[in-house]
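The values are calculated or read from the model by the stated rules, or taken from the named source; none is laboratory data. All of these numbers come straight from a predicted model, not from anything done at the bench. Cβ placement follows ideal geometry from the backbone for every residue including glycine, while neighbour counts extend to all protein chains displayed.
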Amino acid sequence: MAPLKIGILGFHGSREEHANSMQKLGFQTVFLRTPEDFHDIAGIILPGGESGSFGRSLLWSGVREMLAQKILQEKIPVFGTCAGSILLAKNGSEYSLGAIDMDVDRNAYGRQVDSFSTEIVLPGEELPFHAIFIRAPKIIRVGQGCKILAEHAGNPILVHNSSQKILVSSFHPELTPDTRIHKIFAEMVSA
């Protein structure tokens, strides 16, 4: 049997790094740049990047409608990191899909020069996860059905909604060799 296929929004951002993480976990990957690229995907990753550029690219490519159909109607599992979390949030930017009941403040952790990394604790894990924040959004509110899996300085940074099959992080787990957060998404896809 062929491995399940994960579609990664392919306009810009850390798409290759996400592909590498998912391939390590045994998945096939494809970059989503046109509506035709969505054929036979079992999950979607919306990577980090610049959320305004992503939003404009989604509109002119025709991909926004396919994303909305797959995520909002078909409820296929989706993982959004950094800018991807903004696109999934109920309130994040004018391009947000409103897929998960949370509010996000874009670039709230600061500009590029304010980027940082820190160790965070994942549920049921003793070994810390090295979280990298680059012009990161801050999750300022989570709604019903959302479970906070990790926090930094009292703010949610990793949120899961199992009924909607959505995982979001305000940091970049794909920029480390540690695949534990991608494994959470992989389990959502395989379930």
Q. Out of the range 49-69, which residues are closer than 19 Å to Met188 by Cβ and buried (at least 22 other Cβ atoms within 10 Å of the Cβ)?
A. Leu67
Q | Residue check for Gln164: part of a loop (DSSP other than H, G, I, E, B) and surrounded by fewer than 17 Cβ atoms within 10 Å (Cβ to Cβ) | A | no
Q. Counting only residues that are free of Cβ contacts under 8 Å to residues at least 12 places away in the same chain and of a type outside the set (S, T, N, Q), which one in the range 11-43 is surrounded by the most Cβ atoms within 10 Å (Cβ to Cβ)?
A. Glu16
Q) Any residue in the range 80-96 that is of a type in the set (Val, Ile, Thr) and modelled with pLDDT under 90? A) no
Q. In the set Ile100, Ile140, Ile134, Ile86, which member is in contact (Cβ under 8 Å) with a residue 24 or more places away in the chain and over 24 Å from His12 (Cα atoms)?
A. Ile140
Q: Mind listing whichever residues of the range 149-166 are under 20 Å from Ser117 (Cβ atoms), touching a Pro at 6+ places or on another chain (Cβ under 8 Å) and not small (Gly, Ala, Ser)?
A: Leu149
